[in-house]
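Here the structure is laid out as C-alpha coordinates; the discussion comes afterwards.
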Amino acid sequence: MMGSKNASFFSFSGIIALAGLSIGVASLVVSMAVVSGFERTLQKSLIDVVGHIQIVNYDREEINVESLKKEFPQILKTTAFVSIEGVAAQKGQVSGVLLQGLDTVSFSQVLDLKSRVVMGSMSITENKAVVGKALAQKLQIKVGDSLRIVVPQQND
(Lines give C-alpha, C1' and ligand atoms only; values in the text may rest on other atoms or scores of the structure.)
Protein backbone atom coordinates (compact mmCIF):
# COMPACT_ATOMS: atom_id res chain seq x y z
CA MET A 1 0.00 0.00 0.00
CA MET A 2 2.84 2.33 0.79
CA GLY A 3 4.51 1.56 -2.54
CA SER A 4 1.47 2.56 -4.59
CA LYS A 5 1.25 5.96 -2.85
CA ASN A 6 4.91 6.67 -3.60
CA ALA A 7 4.48 5.56 -7.20
CA SER A 8 1.51 7.90 -7.76
CA PHE A 9 3.36 10.77 -6.04
CA PHE A 10 6.44 10.12 -8.15
CA SER A 11 4.42 10.10 -11.35
CA PHE A 12 2.65 13.35 -10.36
CA SER A 13 5.93 15.10 -9.52
CA GLY A 14 7.46 13.70 -12.72
CA ILE A 15 4.63 15.13 -14.77
CA ILE A 16 5.02 18.54 -13.08
CA ALA A 17 8.79 18.47 -13.67
CA LEU A 18 8.32 17.51 -17.31
CA ALA A 19 5.74 20.27 -17.81
CA GLY A 20 8.06 22.83 -16.18
CA LEU A 21 10.96 21.72 -18.34
CA SER A 22 8.80 21.95 -21.47
CA ILE A 23 7.62 25.46 -20.59
CA GLY A 24 11.21 26.55 -19.88
CA VAL A 25 12.50 25.21 -23.19
CA ALA A 26 9.60 26.77 -25.10
CA SER A 27 10.26 30.14 -23.42
CA LEU A 28 13.94 29.91 -24.33
CA VAL A 29 13.16 29.10 -27.97
CA VAL A 30 10.71 32.03 -28.23
CA SER A 31 13.14 34.49 -26.62
CA MET A 32 15.98 33.35 -28.92
CA ALA A 33 13.73 33.88 -31.96
CA VAL A 34 12.83 37.39 -30.79
CA VAL A 35 16.47 38.31 -30.12
CA SER A 36 17.54 36.86 -33.47
CA GLY A 37 14.90 38.91 -35.30
CA PHE A 38 15.95 42.05 -33.41
CA GLU A 39 19.59 41.39 -34.28
CA ARG A 40 18.80 41.00 -37.99
CA THR A 41 16.69 44.18 -37.98
CA LEU A 42 19.38 46.16 -36.19
CA GLN A 43 22.09 44.86 -38.52
CA LYS A 44 20.07 45.75 -41.64
CA SER A 45 19.32 49.22 -40.26
CA LEU A 46 22.99 49.94 -39.62
CA ILE A 47 24.13 48.61 -43.00
CA ASP A 48 21.45 50.69 -44.78
CA VAL A 49 22.81 53.87 -43.21
CA VAL A 50 26.58 53.38 -42.89
CA GLY A 51 27.40 50.40 -45.12
CA HIS A 52 29.33 47.29 -44.14
CA ILE A 53 32.61 49.04 -43.45
CA GLN A 54 33.90 52.60 -43.33
CA ILE A 55 37.48 53.51 -44.04
CA VAL A 56 38.31 56.81 -42.38
CA ASN A 57 41.41 58.71 -43.34
CA TYR A 58 42.47 61.45 -40.94
CA ASP A 59 45.62 62.30 -42.93
CA ARG A 60 43.59 63.90 -45.75
CA GLU A 61 45.44 61.80 -48.29
CA GLU A 62 43.41 60.24 -51.05
CA ILE A 63 42.59 56.57 -50.53
CA ASN A 64 43.42 54.38 -53.52
CA VAL A 65 40.15 52.46 -53.86
CA GLU A 66 41.34 50.31 -56.75
CA SER A 67 44.28 48.94 -54.74
CA LEU A 68 41.90 48.17 -51.87
CA LYS A 69 39.61 46.28 -54.26
CA LYS A 70 42.57 44.26 -55.53
CA GLU A 71 43.70 43.43 -52.00
CA PHE A 72 40.17 42.66 -50.80
CA PRO A 73 38.13 41.17 -53.67
CA GLN A 74 35.08 40.98 -51.35
CA ILE A 75 34.60 44.73 -51.86
CA LEU A 76 31.83 45.06 -54.44
CA LYS A 77 30.76 48.71 -54.29
CA THR A 78 32.25 51.85 -52.74
CA THR A 79 31.24 55.44 -52.23
CA ALA A 80 33.09 58.45 -50.90
CA PHE A 81 31.92 60.57 -47.99
CA VAL A 82 33.17 63.45 -45.90
CA SER A 83 32.27 64.01 -42.30
CA ILE A 84 32.54 67.04 -40.03
CA GLU A 85 31.06 68.11 -36.72
CA GLY A 86 29.03 71.29 -36.44
CA VAL A 87 26.21 73.03 -34.65
CA ALA A 88 22.65 73.30 -36.01
CA ALA A 89 20.28 76.04 -34.86
CA GLN A 90 16.59 76.57 -35.54
CA LYS A 91 13.82 78.40 -33.67
CA GLY A 92 15.98 79.06 -30.60
CA GLN A 93 17.06 75.43 -30.31
CA VAL A 94 20.72 74.41 -30.73
CA SER A 95 22.17 70.93 -31.23
CA GLY A 96 25.53 69.42 -32.06
CA VAL A 97 25.41 67.55 -35.36
CA LEU A 98 27.57 65.28 -37.46
CA LEU A 99 27.39 66.42 -41.08
CA GLN A 100 28.13 63.88 -43.77
CA GLY A 101 28.50 64.67 -47.44
CA LEU A 102 27.93 61.80 -49.86
CA ASP A 103 28.98 61.22 -53.44
CA THR A 104 25.69 61.90 -55.26
CA VAL A 105 26.53 59.48 -58.07
CA SER A 106 27.48 56.33 -56.14
CA PHE A 107 25.91 56.55 -52.67
CA SER A 108 22.64 54.87 -53.72
CA GLN A 109 24.57 51.78 -54.91
CA VAL A 110 26.06 51.29 -51.42
CA LEU A 111 23.55 52.72 -48.96
CA ASP A 112 19.78 52.24 -48.76
CA LEU A 113 18.85 55.64 -47.34
CA LYS A 114 15.67 55.99 -49.41
CA SER A 115 13.95 53.26 -47.39
CA ARG A 116 14.58 55.31 -44.23
CA VAL A 117 12.91 58.53 -45.45
CA VAL A 118 9.85 59.39 -43.36
CA MET A 119 8.90 62.75 -44.96
CA GLY A 120 10.06 64.43 -48.15
CA SER A 121 12.41 62.72 -50.59
CA MET A 122 15.96 61.45 -50.68
CA SER A 123 16.93 63.14 -53.91
CA ILE A 124 20.16 64.81 -52.82
CA THR A 125 20.36 66.88 -56.00
CA GLU A 126 17.06 68.60 -55.07
CA ASN A 127 17.49 68.88 -51.30
CA LYS A 128 20.07 70.90 -49.52
CA ALA A 129 20.03 68.61 -46.48
CA VAL A 130 18.57 65.37 -45.25
CA VAL A 131 17.85 65.58 -41.53
CA GLY A 132 17.39 62.68 -39.12
CA LYS A 133 14.07 62.22 -37.34
CA ALA A 134 15.41 62.90 -33.82
CA LEU A 135 17.15 66.13 -34.89
CA ALA A 136 14.07 67.27 -36.80
CA GLN A 137 11.92 66.74 -33.72
CA LYS A 138 14.40 68.46 -31.42
CA LEU A 139 14.78 71.52 -33.66
CA GLN A 140 11.11 71.45 -34.79
CA ILE A 141 12.10 71.21 -38.46
CA LYS A 142 9.66 70.28 -41.21
CA VAL A 143 10.24 69.58 -44.90
CA GLY A 144 11.12 72.85 -46.64
CA ASP A 145 12.27 74.71 -43.50
CA SER A 146 15.63 76.45 -43.46
CA LEU A 147 18.29 75.45 -40.97
CA ARG A 148 21.40 77.27 -39.77
CA ILE A 149 24.57 75.21 -39.50
CA VAL A 150 27.83 76.49 -38.04
CA VAL A 151 31.00 74.58 -38.86
CA PRO A 152 34.26 75.44 -37.10
CA GLN A 153 37.04 76.61 -39.39
CA GLN A 154 40.17 74.48 -39.31
CA ASN A 155 43.54 76.17 -39.05
CA ASP A 156 46.20 74.35 -41.07
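The values are calculated or read from the model by the stated rules, or taken from the named source; none is laboratory data. Since the structure is predicted, the reported quantities are computational estimates derived from the model, not experimental observations. Cβ: placed from backbone, ideal geometry, glycine included. Neighbour counts: every protein chain shown. SASA here: full protein model, heavy atoms, side chains in, ligands and nucleic acids out. Shrake-Rupley method; radii C 1.70, N 1.55, O 1.52, S 1.80 Å.
Data for the structure
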{"item": "Lysine pairs with alpha-carbon atoms under 26 Å apart, the range 19-130, spacing 8 or more or separate chains", "result": "8"}
{"item": "Accessible area in square angstrom per residue, the range 42-156, 1.4 angstrom probe", "result": "81 Å²"}
{"item": "The range 30-156 shape via C-alpha gyration tensor axes, a/c threshold 1.5", "result": "oblate"}
{"item": "Helix-derived mean residue ellipticity, 222 nm - over the chain, DSSP H n ≥ 4, -39500 (n - 2.57), to 500", "result": "-14500 deg cm²/dmol"}
{"item": "Low-density loop cleavage sites - trypsin sites (Lys or Arg not before Pro) in the range 1-106, where at most 14 other Cβ are within 10 Å (DSSP)", "result": "Arg60, Lys77, Lys91"}
{"item": "Portion, in percent, of the accessible area of the chain that falls on carbon or sulfur, probe 1.4 Å", "result": "61 percent"}
{"item": "Ser13/Ala33 FRET efficiency (R0 41 Å; Cβ-Cβ; nearest 0.05)", "result": "0.85"}
